[in-house]
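Nothing in this text is a laboratory measurement; each read-out follows from the coordinates by a stated rule. None of the values given here were measured: they were computed from a predicted structure. Reconstructed Cβ throughout: ideal geometry from the backbone, glycine too, with neighbour counts over all protein chains shown.
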Amino acid sequence: MLSVAGVLFSLFSVIIDVPDKAKIYAGVGILIFLICTYLLMWVRANKLINVELTVDNSKVNIKVGDLFEEQGFKVIAFNEYFDTIVDNKVISENTLNGIYLNNYVSDIEELNARMEVDRSLEEKMKNTNESRTHGKKHRYRLGTIFQDNDYLLTALSKFDNDNRAYLHMNDYINFLLNFWNEIDIVYAGNSVTIPLMGSGITRFKEYNHITDQELLELLLWSFKISRIKFTYPAKVTIIIHEGKKDKINFYKLKEVI
């Protein structure tokens, strides 16, 4: 913007002859105009909470909001066992996972029963952990999706022996690539809403700290290289929790893709 303004002022300075007495006033006026323009853009960039990107002709909307209020498919991240025990040990009641199970699933046992006989889940089972005493025993490949009406449940995190979620960075990358491949199979022309997956996992092995901004940029990068196409009016929406909006530079996202 400053470059465009500079070119325009340079052009007008050639065409318009400013009297010597007025040059200082014109210079001050231009400086004030540029400062005001910069401040307005700076304020707008810092208040931005919604940005729409085009990725290979697919619309991707990143915004602050409530995932459960969105239309179309909504993604809920589970652990690699697809556990459904909300006891603040295996699953916290304050997570999207816990809120979904407590408030949007009428019969947990019926959901578990459908998972047990689902052919697609069976094909993507990695192994069975017989030593596990609390929770399910079947372990699934990261990125695996189970459809529950308009909710897409996906296996995101690994669990250690103390039921603590963790991931290695290569696990997260593989999850994203498998996840988009699964989405391509099930979305059937519907819009898909995704939380900022991975932001609640503090145990990224081999990484002392990974920011929400970096996770979001990885999510966008993986969508781009997946080559999945969302034809209008279908789109991808990435929902940012209200409490995390100050950690996301929405303005910078325009430069990522």
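Nearest 0.05, what FRET efficiency do VAL4 and VAL28 give at R0 = 22 Å with Cβ-Cβ as r? It comes out at approximately 0.60.
The P(r) of the range 2-46 has a tail past 11 Å containing 71 percent of all C-alpha pairs.
I want to verify a result. In a Gaussian network model of the chain, Cα cutoff 10 Å, which of these has the top mean-square fluctuation: ILE194, ILE99, ILE32? Maximum among the listed residues: ILE32. The modelled label-to-label distance for the pair ASP118/THR37, using points 7 Å beyond Cα in the direction of Cβ, is 5.4 nm.
Counted over the chain, the DSSP beta bridges are approximately 45% antiparallel. For the range 1-56, a simple Cβ point-charge model (Lys and Arg +1, Asp and Glu -1, everything else neutral) yields a dipole of about 260 debye relative to the Cα centre.
Scanning the chain for DSSP H helices at least 18 Å long along the axis (C-alpha atoms) with a Kyte-Doolittle mean no lower than 1.6 picks out 2-15. When the Cα atoms of the range 42-147 are aligned to their principal axes, the ranges along those axes come out at 56, 32, 25 Å in descending order.
Amide H contacts for LYS124 (H built 1.01 Å from N in the peptide plane; partners 5 or more residues away or on another chain; cut-off under 5 Å): none found. Need the C-alpha centroid separation for the range 131-191 versus the range 211-245, integer Å. Rounded to whole Å, the Cα centres lie 17 Å apart. Full extension of the chain segment joining LYS229 with ASP107 gains 40.5 nm, where the gain is 0.36 nm per residue of separation less the Cα-Cα distance. Using 0.36 nm per residue and subtracting the Cα-Cα separation, the extra length available between THR128 and HIS209 on full extension is 26.0 nm. Centre-to-centre, using Cα atoms only, the range 41-93 and the range 10-28 are separated by 51 Å. Using every pair of separate Cα atoms, the Kirkwood estimate puts the hydrodynamic radius of the range 49-256 at 17.5 angstrom.
Between VAL64 and LYS21, the FRET efficiency from the beta-carbon distance, with R0 = 45 Å, is close to 0.30.
Comparing LEU167, LEU34, LEU196 in a Gaussian network model of the chain (Cα springs below 10 Å), the most mobile by mean-square fluctuation is LEU34.
Pairs from the list LYS124/LYS247; LYS126/LYS235; LYS89/LYS137; LYS137/LYS235; LYS137/LYS224; LYS47/LYS158 with a Cα-Cα gap above 27 Å: LYS124/LYS247; LYS126/LYS235; LYS137/LYS235; LYS137/LYS224; LYS47/LYS158.
DSSP finds beta bridges in the range 144-257, and of those with both partners inside it, around 50 percent are antiparallel.
Result for the chain in a Gaussian network model with C-alpha springs under 10 Å: among GLY72, GLY27, GLY98, the largest mean-square fluctuation is at GLY27.
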